[in-house]
Amino acid sequence: MNNPGNPFKIGDRVVFSPSEHDIGWTWSSFKRLRIQPGDAGIVTKIVDGDIFIDDGRGGFAWQCFRPAP
């Protein structure tokens, strides 16, 4: 389900682009999460505003993504 303000929908191509704050403060390492800043993929699931791409990677707030070029 899309949350208000979430511009993405299933099938959109996005890039994982967390802010510097998110990278250094919220998540010290992305290795165990199977997604790295700069990874691109297709939105396959949206749960409470959290975006999942491709094979279930993700689960981050939609604000951590930007449209892929």
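The values are calculated or read from the model by the stated rules, or taken from the named source; none is laboratory data. In this text, all values refer to a predicted model and were calculated from it rather than measured experimentally. FYI the Cβ positions are ideal-geometry reconstructions off the backbone, even for glycines, and counts take in every protein chain you see.
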Checklist entry - Taking only pairs six or more apart or across chains, which ones have beta-carbon atoms under 7 Å, a first residue in segment 32-54 that is within 13 Å of P18 (Cβ to Cβ), and a second residue that is of a type in the set (G, A, S) and in a loop (DSSP other than H, G, I, E, B)? => result P37/S17
Checklist entry - Taking into account only those residues within segment 36-69 that are of a type in the set (S, T, N, Q) and more than 12 Å from I10 (Cβ to Cβ), which is surrounded by the fewest Cβ atoms within 10 Å (Cβ to Cβ)? => result Q36
Checklist outcome for this item: Picked from segment 4-30 (must be at pLDDT below 70 and under 14 Å from G59 (Cα atoms)), the residue surrounded by the fewest Cβ atoms within 10 Å (Cβ to Cβ) is T26
